[in-house]
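The values are calculated or read from the model by the stated rules, or taken from the named source; none is laboratory data. Everything quoted here is computed from the prediction, not taken from an experiment. A quick note on method: Cβ atoms are made from the backbone with ideal geometry, for glycine too, and the neighbour counts reach across all protein chains shown.
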Amino acid sequence: MRGLWFWAVAVLLVVGGTLGTRALDNDFFFYAGYVVLQFVVLATAWNILGGFTGYVNFGSAAFFAVGAYTAIALDKALSLPLPALILAAGAASGLIGLGTGYLTLRLRGIFFAISTLALAVVLETLVINWDYVGGATGSYIIPPDEVFFFDNFVEALFSLMLLLAVAAVAVARWITRSRIGRGLAAIRDDELAAECMGVPTLKLKLISTTISGAMMGIAGAPYPFYVTYVDPASAFNLFYAVNAIAMPMIGGTTSWLGPVIGALLLGSLQQWATVSISSELNLLLVGVMLVAFVILAPQGIVGLARRFLDGRRRL
Amino acid sequence: MFTADLLLNAVVAGVLLGGFYAAAAIGLTIAFGQLDVVNIAHPAFIVSGSFCAYFLNDAYGIDPILVGVLLTPVYFAVGVALYSVYYTSFERHGEESLRGLAFFFGIMFIVEVLLIMSFGVDYRLVDTAYIGESIKLGFIGLPYRLLVPFAVSLAMAGAIYLFLSRTFTGRAILAVSQDRLALRLMGADPVRVKQVAFGLALATTAVAGALLIVIGPVEPSIGRLYIGRVFAIVVLGGMTSISGTIVAALILGVVESLVGTLYGPSWAPAVAFGFLLVTLAVRPAGLFGR
Amino acid sequence: MLQSIARRRLFGALGGTILAAMSLALPSAQAAEPVKIGFGMALTGALAGNGKAALIAMEIWREDVNKAGGLMGRPVEFVYYDDQTNPSVVPGIYTKLLTVDKVDLVVSGYGTNVIAPAIPIMMGRKKVFMGLFGLAANEKFNYPNYFQIMPAGPDPKLDWSRGFFEIATGLDPKPKTVALVGADAEFARNALDGAKTNAEKFNLNVVYNNTYPPSTTDYTPVVRAIQATNPDVVFIASYPPDSAGMVRAINEVGLKAQLLGGGMVGLQYAALLTKLGPMLNGITNYDFWVPAPTLDFPGVNEFLAKYQAKAQDAGVDPLGHYLPPYAYAYLQVLGQAVNAANSLDDAKLAEYIRSNEFDTIIGKVKFGKNGEWASTRVLQVQYQGVTSDGLDQFLKPGARAVLYPSEWKYGELKTPFPQ
């Protein structure tokens, strides 16, 4: 997408979405919309490391939860405003991403994946034993009654998440068009060859994990305000990890648009399923879609669209 | 307060539990360590084995471990079929890693949901003649609930070890993990060999599942708690080595038990995985790897 | 032309007025409009076993109420969604119920996890909110229109274990030490915190105080560590899988104490009662209702018969003594309030519930501070004479002797543990 078009659409979405909250009275849309946009951020974040660089992160929930708990801890300690909490959460998750990367990225990709799993367990145990943020008993965040400009707090959260989602996608797009992105693609295609060509693989991989981790933490920071009661079991839920992988894979991992499509599609489907089919079929949905796409449409929806458009062009 | 008999009992309990962990991980050593198939659904299959054992035990009164052993041919066939799908979709094109992982992730969820839809989400237990009894050797207590799974697990590991080192197919499996081309030149079809290997890996989950439900209650999503553990054991054990897996499993069991006894059980999983992270950082080939 | 349009309009208006008058005159059209009660319930996820059982109980209430004429003469309908035991879907579900489905009344799902996220929404819309088993969910919100059917008492965290410790201090010889152990999870940690305060209040020295992760496979090391501290009393706050694991490990290791148990969830369900059988004997544990002459409240046996008939097919707990009667009761309270106040206005209903005592199938219910029960009714029961003979022994009094509170006592404490 041409630069100008992209930024025009981005600005339009943010401004339109924010103003739109005043027009629409149906709060349910904002609750559901918040979750879908949150997954746009998570899927985009995962894809920077997974799709662009080729390293699978199983522990997305850990980074998300670190963001959420950083927000809780700082809110309790210093009562900072939400934007500050978001930045702090991003910094904390980014640091953890950097640390994990530094420990394991010198090894084969699969070791990185396993260590993200192990990391999730370690972090969850730490949080469970950290009584300041409630530990296993959980933590309550009371949302404010009145918010500047918006009718209620959930509309504010929705607009905030919309802004974060657009920002995340913009970052992902910037990466694909920059030197960093080309370096990451080289690593994904053949790491050994990239090394031989002089690509600074370790440095790039560390940049990738840090940005990915930071974005996941940023997605997690407003979560305590959305759900008002957070406990480790729900913050570290494997469902975040699965969705973070399934959405980019379904949408298409090689472009910044793939995770967006995957998140919007799968996220909306899940929100709809929650209030209609309403049963285990929701889980089955994720599993079957993931397997089907992975086998039949490996390039995701973006890949299918590309093939279709290429086919038409030839005609 | 921390007397010798408490510590010794903690070590013994850890060893017994580690024996079970070995049964859970050994299939993954074959699938992941030797075949490079990242079967993250391995614990989900173990849980399905638990439910099969529960079902047949509840309906017909057959001993759960016996059920596990009897079901190994069924799981073997499922493993062969699953590998064939995996091979035709991914491995042939050389795009294993990311998509293969996603594939097995999806399979894991599907297995879990099918279990929930068939059995519901409640915890299931079995009760056999030997659960609840223990032998006492001096001040060391050995509950049968852990001792029998330990023994079965070691027997299974021993059988697999012999199979891999003494039979032609077994050695072909070891060979295919080292050098695919050389194997072809030796006259064996690598794909066939890998099918057998993966089938064997999945067959172990039938037994491991039965052992799991003897040790404690099981519910469909309990597999998620074991993903980290089994992968950690395989990596720690050096990926391809069966004996390495057994030793790593025992170490993990003992570490968890000792930490649980001395510092508090809360910290046990964190320490075990911290151990793994450090090992990966310092000696990534694991304890027994090449 | 204008004349014909005017005439058509006149006839139209006349016809409309006649129809309107008819609909006002015919009572059946108005009475048919149902009262919609909306809620989320755990039909999948960790608490689904209880959630499904609760739903069955609630459906039985709905049938009973509709047979008796409905609420204010109108039939009751449910609108519900699966909350997947996942707090993050709760705000969405309740918002949809209130804004899109436009339900008249709402009640909660099962467990603090899914009750807490809904409370701010109730506060924003000033809805009366009946809660189903959340430990101190309202403590931080202090919402006056929230009412909890779990009989924990005005100070839930302390009242939970108070009975256990009161029994302990009544023992002869008086115990001096206590071991506290439990799962790293919401309810268990809350119960343990309360137990620790109670232990200090009753002058018991805490010699072991640890939690274990729910992912623990084997509890033998935990039990041995407890044994090493030689406690007189052992308080355990556990969830079903660890309750089973702990009971087995205690049996194998041979842990002895004057009093053991307290907060073990799961021992109230058929599955664990039948599978653990005689290993339970001597354990003193919390419960909410057991068959006993002192707890023979009007309606409870009829309800249980209906529930047990449906439970077998639905694959939920066939006994139904723990949650289902309370799931029936929390709707009973709401229904009785609606009929008595003859209104669906939340403020009127909340006022009525706050100031009155209700007769339900689980006895008399009166709410106090923060919507909790005015006085605690957490029972302490002791398993006695349990054999491996199956479920029938639990359907009659005796297998679970009621030791506390004294108003409902039925049976005597047998000490020490094990017998």
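The lone criterion from (1) over 15 Å from the mean Cα position of the chain (by Cα); (2) modelled with pLDDT of 90 or more left unmet by C:P87 is number (2).
Test C:I60 against the criterion of being at pLDDT 85 or above, more than 14 Å from every other protein chain (Cβ to nearest Cβ) and either part of a helix (DSSP H, G or I) or within 21 Å of C:G320 (Cα to Cα) (or both), and give yes or no. Taking the combined requirement at face value, the residue satisfies it. Here A:G59 meets each of (1) closer than 19 Å to A:F236 by Cβ; (2) in contact with a Ser or Thr (Cβ under 9 Å, 6 or more places away or on another chain); (3) facing another protein chain (nearest Cβ under 9 Å) with one exception, condition (3). Only a single item in (1) assigned to a helix (DSSP H, G or I); (2) under 14 Å from C:G262 (Cβ atoms) is not met by C:E200, and it is number (2).
Take B:G199 and tell me if it is in contact with a Phe, Trp or Tyr (Cβ under 7 Å, 6 or more places away or on another chain), in contact (Cβ under 8 Å) with a residue 12 or more places away in the chain and not in a helix (DSSP H, G or I).
Here the answer is no, as B:G199 does not meet what is asked.
Conditions (1) polar (S, T, N, Q); (2) closer than 21 Å to C:A57 by Cβ, marked per residue:
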| residue | (1), (2) |
| --- | --- |
| C:L323 | no, yes |
| C:Y328 | no, yes |
| C:S375 | yes, no |
| C:G385 | no, no |
| C:L391 | no, yes |
| C:E407 | no, no |
| C:T415 | yes, no |
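For segment A:2-13, state whether one or more residues are surrounded by 24 or more Cβ atoms within 10 Å (Cβ to Cβ) and in contact with a helix residue (DSSP H, G or I) (Cβ under 6 Å, 6 or more places away or on another chain).
No.
Residues of segment C:256-275 that are buried (at least 22 other Cβ atoms within 10 Å of the Cβ), more than 8 Å from chain B (Cβ to nearest Cβ) and in a helix (DSSP H, G or I): C:L273 alone.
Take the residues in segment B:206-239 that are β-branched (V, I, T) and over 20 Å from B:F104 (Cα atoms), then tell me which one is nearest to the other protein chains (Cβ to nearest Cβ).
From segment B:206-239, those β-branched (V, I, T) are B:207, B:213-215, B:218, B:222, B:227, B:230, B:233-235; that's our starting set.
Subset that is over 20 Å from B:F104 (Cα atoms): B:207, B:213-215, B:218.
Values: B:V207: 16, B:I213: 11, B:V214: 11, B:I215: 6, B:V218: 8 Å.
Among residues in segment B:206-239 that are β-branched (V, I, T) and over 20 Å from B:F104 (Cα atoms), the one nearest to the other protein chains (Cβ to nearest Cβ) is B:I215.
Can you give me the number of residues within segment B:169-217 that are within 28 Å of B:C52 (Cα to Cα) and either of a type in the set (S, T, N, Q) or at pLDDT 90 or above (or both)? Total meeting the criteria: 21.
Beta carbons closer than 7 Å, at least 6 apart along the sequence or on distinct chains, pair a first residue in segment B:262-290 that is outside any helix (DSSP H, G or I) with a second that is exposed (fewer than 15 other Cβ atoms within 10 Å of the Cβ) for B:F288/B:S243.
Of all residues in segment C:130-149, those satisfying the criterion of being closer than 25 Å to C:L344 by Cα and in contact with an Asp or Glu (Cβ under 8 Å, 6 or more places away or on another chain) are C:N138, C:N145, C:Q148.
So, restricting to helices (runs of 4 or more DSSP H) that lie completely within segment C:82-171, which ones have at least 3 residues that are facing chain A (nearest Cβ under 10 Å)? Working first, answer last.
On the way: elements: C:90-95, C:112-115, C:119-125, C:156-169.
Qualifying helices (runs of 4 or more DSSP H): C:90-95, C:112-115, C:119-125.
The helices (runs of 4 or more DSSP H) falling completely within segment B:1-96 include none with 3 or more residues that are at positive phi.
Of the residues making up segment C:356-371, those that are farther than 14 Å from C:Y143 by Cβ, hydrophobic (A, V, I, L, M, F, W, C), part of a strand (DSSP E or B) and in contact (Cβ under 8 Å) with a residue 40 or more places away in the chain number 1.
Candidates A:E155, A:E124: the one that is within 14 Å of another protein chain (Cβ to nearest Cβ), within 30 Å of A:F225 (Cα to Cα), crowded, with 19+ Cβ neighbours inside 10 Å and touching a Ser or Thr at 6+ places or on another chain (Cβ under 8 Å) is A:E155. Answer yes or no: is there a residue in segment A:272-281 that is in a helix (DSSP H, G or I), within 14 Å of chain B (Cβ to nearest Cβ) and crowded, with 20+ Cβ neighbours inside 10 Å. The answer is no; no qualifying residue exists.
Among the residues of segment C:214-252, those that are in a helix (DSSP H, G or I), closer than 22 Å to B:Y226 by Cβ, at the interface with another protein chain (Cβ under 7 Å from one of its Cβ atoms) and free of Cβ contacts under 8 Å to residues at least 40 places away in the same chain comprise C:T220, C:P221, C:P240, C:P241, C:A244, C:G245, C:R248. Considering only residues that are within 19 Å of the chain's Cα centre (by Cα) and either over 21 Å from C:L349 (Cβ atoms) or not assigned by TED's automatic domain parsing to the domain that holds C:T360 (or both), look in segment C:58-80 and name the one that is surrounded by the most Cβ atoms within 10 Å (Cβ to Cβ). Per the criteria, the residue is C:I60. Beta carbons closer than 7 Å, at least 6 apart along the sequence or on distinct chains, pair a first residue in segment A:87-113 that is more than 10 Å from every other protein chain (Cβ to nearest Cβ) with a second that is among the aliphatic types (A, V, I, L, M) and surrounded by fewer than 22 Cβ atoms within 10 Å (Cβ to Cβ) for A:A88/A:L74; A:L98/A:L206; A:G101/A:L206; A:L105/A:L202; A:L105/A:L206.
Against the criterion of being at positive phi and at pLDDT 85 or above, C:G38 does not qualify.
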